[in-house]
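The values are calculated or read from the model by the stated rules, or taken from the named source; none is laboratory data. Just so you know, these numbers come straight off a predicted model, no measurement behind them. Here the Cβ positions follow ideal geometry from the backbone for every residue, glycine too, while neighbour counts run over all protein chains shown.
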Amino acid sequence: MQIETLKVFCDLAETESFTRAAQINNVTQSAVSQQISSMERLFKSLLIERSKKKFRLTREGQVLYDYSKQIIQTYDCLHSRIQEIKDIISGTIRLSTIYSIGLHELPPYIKRFLKDYPTVNVHVEYRRSNQVYEEVLGNVVDLGLVAYPQREAKLEVVPLRKDPLVLICHPQHPLARFKSVKLKALSGQKFVSFEPDIPTRKALDKILKEHNVTVQTAMEFDNIETVKRAVEIDAGIAIVPLGTIAQEISKQTLTSVPLENVDLFRPIAAIYKKNKVLSPAMKQFIAVLKESL
């Protein structure tokens, strides 16, 4: 039996999905089923209770999973240590990131990293925040980049930086003529918001509530690009990360107005699954993020 087969089984046990296990390991769903059947014949035991309603490991399957995880972790440690001894930084880094970080802040640092380590392949997926957590916990990706990181028992969180949040509006909006405004000035204004489940939206709602500021939510979107496009057509004002509006400010399609008497920052962090063995490439990539972001 090969290490790869044990990994497929562990991914299946953790994702509870033949489709997801196949995607993670770049094989077909049929190949996953065949490998599981082969293991069941080898151990002469049913490993998974197959049901349309529920996925569950049998007692034998749970034992196999526990030992397989130990074997895979030991193998990964061995492989990583050999690479360190030989000073090799190569391989693939699978990364899942929220849109605002991935589109606006990450590209220059990936470019720098790949210039220094050309034998590393960085594969980036753009996701909503909840999906980033799901993919990290499900071993679909190695690392995640999120804002307002959640503390979870199964995750390691690496703080990277605090991103300033600023008010943006159409250049002809009444607030655009001010050098700065107080948060109270936003009361009653039409507001272009992120959707309610997005961490930045939750943080902003809390801050507005604490300052007794009530806005009129005109539109809600799940990513920074559509929020900016709505503000550009004067559908309302918005509060967004400073690093995401450089192009619009330079083209004068948006105006940024500082907010007085309130410090608005968005914490950014890298996350990875606890007990995950980081390859030399992953360690170096995190180091570059910590230095640059």
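Details
- Residue in region 114-121 that is modelled with pLDDT under 95, among the β-branched types (Val, Ile, Thr) and surrounded by fewer than 15 Cβ atoms within 10 Å (Cβ to Cβ) present: yes
- Residue list for region 131-151, filter: of a type outside the set (A, V, I, L, M) and either closer than 18 Å to Leu278 by Cβ or touching an Asp or Glu at 6+ places or on another chain (Cβ under 9 Å) (or both): Gln131, Tyr133, Glu135, Gly138, Asn139, Asp142, Gly144, Pro149
- Test: residue in region 77-100 that is assigned to a helix (DSSP H, G or I), modelled with pLDDT under 90 and of a type in the set (D, E, K, R): yes
- Condition met for Ala31 (in contact with a helix residue (DSSP H, G or I) (Cβ under 6 Å, 6 or more places away or on another chain), within 29 Å of Leu278 (Cα to Cα) and either surrounded by 12 or more Cβ atoms within 10 Å (Cβ to Cβ) or of a type in the set (Val, Ile, Thr) (or both)): no
- Selection status of Ala203, among the aliphatic types (A, V, I, L, M) and in the same structural domain as Glu232 (by TED's automatic domain parsing): yes
- Residue list for region 42-70, restricted to those being of a type outside the set (S, T, N, Q) and in contact (Cβ under 8 Å) with a residue 40 or more places away in the chain: Leu42, Leu57, Gly61, Leu64, Tyr65, Lys69
- Count of residues meeting criterion [touching a Ser or Thr at 6+ places or on another chain (Cβ under 7 Å), surrounded by 19 or more Cβ atoms within 10 Å (Cβ to Cβ) and charged (D, E, K, R)] in region 122-144: 2
- Selected residue [at pLDDT below 95 and either in a helix (DSSP H, G or I) or more than 28 Å from Met1 (Cα to Cα) (or both)] from Pro149, Pro108: Pro108
- Of all residues in region 42-76, those satisfying the criterion of being surrounded by 14 or more Cβ atoms within 10 Å (Cβ to Cβ) and either assigned by TED's automatic domain parsing to the domain that holds Val277 or part of a loop (DSSP other than H, G, I, E, B) (or both) are Ser45, Leu47, Phe55, Thr58.
- Restricted to region 265-277, and to residues there that are of a type in the set (A, V, I, L, M, F, W, C) and touching a helix residue (DSSP H, G or I) at 6+ places or on another chain (Cβ under 7 Å), the residue that is nearest to Gln131 (Cα to Cα) is Ile271.
- Of all residues in region 151-187 being in contact (Cβ under 8 Å) with a residue 12 or more places away in the chain and of a type in the set (Gly, Ala, Ser), the one that is surrounded by the fewest Cβ atoms within 10 Å (Cβ to Cβ): Ala153
- Applying the criterion of being touching a helix residue (DSSP H, G or I) at 6+ places or on another chain (Cβ under 7 Å) and outside any helix (DSSP H, G or I) to the residues of region 5-28, the residue that is modelled with the lowest pLDDT is Asn25.
- Verdict on Ala218 being on the phi < 0 side of the Ramachandran plot and in a strand (DSSP E or B): yes
- Check on Tyr109, among the aromatic types (Phe, Trp, Tyr), closer than 30 Å to Glu260 by Cβ and more than 10 Å from the chain's Cα centre (by Cα): no
- Residues located in region 118-133, provided they are more than 8 Å from the chain's Cα centre (by Cα) and in a loop (DSSP other than H, G, I, E, B): Pro118, Thr119
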